[in-house]
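A.B. asks: If you scroll down you'll find the structure; I have some questions about it.
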Amino acid sequence: MKNKIQADQAPQAIGPYSQAIRTGNVVYFSGQIPLDPNTMALVADDFAKQATQVFANLVEVCKAAGGSLEAIVKLTIYLTDLAHFPIVNEVMMQFFSEPYPARTTLQVSALPKNAQIEIEAIMVME
């Protein structure tokens, strides 16, 4: 059984997918890109601002699922330029504390809407 998670304060899906799906005590997040949930436009060209918005969007989907970032156990981060890796670390530490989730970071050639970052997550609820 799977339940759709819908956060009104996070960007709406831009395709045929859900923001997140809960099955049992696990929530699987679709990738979040740095869209402003009110305008559905990229927040800025500045990478740090884009990264901050993606984490803020994840916070809202966590809340809609009844959880918080502390319950995230795995992140997959997609960057269009791995040179931004240190900035991702700095921004991530503003949102997470130890123990940090497991994480994979990959460079990709392009992301939807020309975003520079996309993050997907897995959250385990108590």
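A.B. asks: In deg cm²/dmol and to the nearest 500, what is the mean residue ellipticity at 222 nm of the chain if only DSSP H runs of at least 4 residues count, each as -39500 (n - 2.57), divided by the residue total?
C.D. replies: So the helix-based figure for the chain works out to -7500 deg cm²/dmol.
A.B. asks: Alpha carbon centre of the range 1-38 versus the range 64-126: separation in Å?
C.D. replies: Using only Cα atoms to place each centre, the spacing works out to 15 Å.
A.B. asks: Also: At a Förster distance of 30 Å, what's the computed FRET efficiency of residue 109 paired with residue 23, Cβ-Cβ distance as r, to 0.05?
C.D. replies: The computed FRET efficiency comes out at 0.45.
A.B. asks: Can you spot the lysines whose alpha carbon is less than 20 Å from residue 63's alpha carbon? Ignore those fewer than 8 places along the same chain.
C.D. replies: 2, 4, 74
A.B. asks: Between residue 63 and residue 102, what length in nm is gained on full extension when 0.36 nm per residue of separation is reduced by their alpha carbon distance?
C.D. replies: 12.0 nm
A.B. asks: Here's another thing I want to ask about it. ³J(HN,Hα) across the range 48-62 via Karplus (A = 6.51, B = -1.76, C = 1.60, θ = phi - 60°), whole Hz, x for Gly/Pro?
C.D. replies: 4, 5, 5, 4, 4, 5, 4, 5, 4, 5, 4, 4, 5, 5, 4
A.B. asks: Let me ask something else. Which percentage, to the nearest 5, of the DSSP beta bridges contained in the range 3-124 is antiparallel?
C.D. replies: Restricted to the range 3-124, the bridges split so that about 75 percent are antiparallel.
A.B. asks: Here's a follow-up. Does the range 3-124 come out rounded, prolate or oblate by the C-alpha gyration tensor, with a ≥ b ≥ c the root eigenvalues, rounded set by a/c under 1.5 and, if not, prolate when a/b is larger than b/c and oblate if not?
C.D. replies: Oblate is the answer for the range 3-124, as a/c is 1.5 or above yet b/c matches or exceeds a/b.
A.B. asks: Sticking with this structure for a sec: Scan the range 1-41 for trypsin sites (Lys or Arg not before Pro) in coil per DSSP, keeping those whose Cβ has at most 14 other Cβ atoms within 10 Å, and list them by number.
C.D. replies: 2
Any read-out appearing in this document is the output of simple, stated calculations on the displayed coordinates, not a laboratory observation. In this text the structure is predicted, and so the values were computed from the model without any measurement. Every residue, glycine as well, gets a Cβ built from its backbone with ideal geometry; the counts of neighbours run over all protein chains shown.
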